[in-house]
1. With the condition kept exactly as written, say whether any residue in the range 16-33 is of a type outside the set (D, E, K, R) and touching a Cys at 6+ places or on another chain (Cβ under 7 Å).
2. Inside the range 72-116, can you point out the residues that are charged (D, E, K, R) and at pLDDT 95 or above?
3. Which residues, counting only those in the range 56-71, are over 14 Å from Arg34 (Cβ atoms) and in contact (Cβ under 8 Å) with a residue 24 or more places away in the chain?
4. From the set of residues in the range 1-54 that are assigned to a helix (DSSP H, G or I) and among the small types (Gly, Ala, Ser), which is modelled with the lowest pLDDT?
5. Looking at this structure, is Pro35 loosely packed, with under 14 Cβ neighbours inside 10 Å and over 18 Å from Gly80 (Cα atoms)?
6. Identify, from the list Leu83, Leu89, Leu78, the residue that is out of contact with any helix residue (DSSP H, G or I) (no Cβ under 7 Å at 6 or more places or on another chain), aliphatic (A, V, I, L, M) and touching a residue at least 12 places away in the same chain (Cβ under 8 Å).
7. Within the group Ala54, Ala29, which residue is in contact with a Leu (Cβ under 8 Å, 6 or more places away or on another chain) and within 13 Å of Ala95 (Cα to Cα)?
8. Residue check, Pro105 against (1) part of a helix (DSSP H, G or I); (2) more than 14 Å from Ala29 (Cα to Cα), all met but one. Which one?
Amino acid sequence: MRKPVRLRLSRIKGFRLQELSRAVNGLPAVRVARPGMWGNYAAVRCGTLTGEPAVAAFRRWIEDEASDAWKGVAKVNLRGRNLACFCRLDAPCHADVLLEMANAPICEAIEPTRAA
């Protein structure tokens, strides 16, 4: 299975997210920037819009405040898809948190038992 990755959105005329995404690894992409359902609004609430503090605020929101229903919808809609935001690819981004959450194993691995 191909691993989903983070992509960078562009406002350049002619930019086509789905074409870029399919060229990278054959997977479809989802836009996760603000405004939109998957944008990092936790950073706005905390007053830190960029960098590691913004990503940390988003991760805290996911872990402490996001409803199980929201997380379930996120997993259904984002799992197996590339995620695109305006953050530089070499910079921290909330899309990395979403990729991690959406593509985490669905259940715990079970170790095989040995016959005694």
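The values are calculated or read from the model by the stated rules, or taken from the named source; none is laboratory data. As the structure is a prediction and not an experimental result, all values here were calculated from the model. Cβ placement follows ideal geometry from the backbone for every residue including glycine, while neighbour counts extend to all protein chains displayed.
1. From the range 16-33, those of a type outside the set (D, E, K, R) are 17-18, 20-21, 23-30, 32-33; that's our starting set.
Right, trim to touching a Cys at 6+ places or on another chain (Cβ under 7 Å) and you get 32-33.
Yes.
2. Quick first cut of the range 72-116, residues charged (D, E, K, R) only: 75, 79, 81, 88, 90, 96, 100, 108, 111, 114.
The answer is Lys75, Arg79, Arg81, Arg88, Asp90, Asp96, Glu100.
3. Start the filter on the range 56-71 by keeping residues that are over 14 Å from Arg34 (Cβ atoms), which leaves 56, 59-60, 62-71.
If the condition is that a residue be over 14 Å from Arg34 (Cβ atoms) and in contact (Cβ under 8 Å) with a residue 24 or more places away in the chain, then Arg59, Ile62, Lys71 are the ones that fit.
4. Our first condition is that a residue be assigned to a helix (DSSP H, G or I); within the range 1-54, this holds for 17-25, 41-46, 51-54.
Within this subset, residues satisfying the condition of being among the small types (Gly, Ala, Ser) are 21, 23, 42-43, 51, 54.
On the way: Ser21: 99, Ala23: 98, Ala42: 85, Ala43: 80, Gly51: 87, Ala54: 92.
This residue is Ala43.
5. yes
6. On the way: Leu83 fails: out of contact with any helix residue (DSSP H, G or I) (no Cβ under 7 Å at 6 or more places or on another chain); Leu78 fails: out of contact with any helix residue (DSSP H, G or I) (no Cβ under 7 Å at 6 or more places or on another chain).
Criteria check complete, one pass: Leu89.
7. Numbers: Ala54 fails: in contact with a Leu (Cβ under 8 Å, 6 or more places away or on another chain).
Going through Ala54, Ala29 in turn, the sole match is Ala29.
8. Only one criterion in (1) part of a helix (DSSP H, G or I); (2) more than 14 Å from Ala29 (Cα to Cα) is unmet by Pro105, namely (1).
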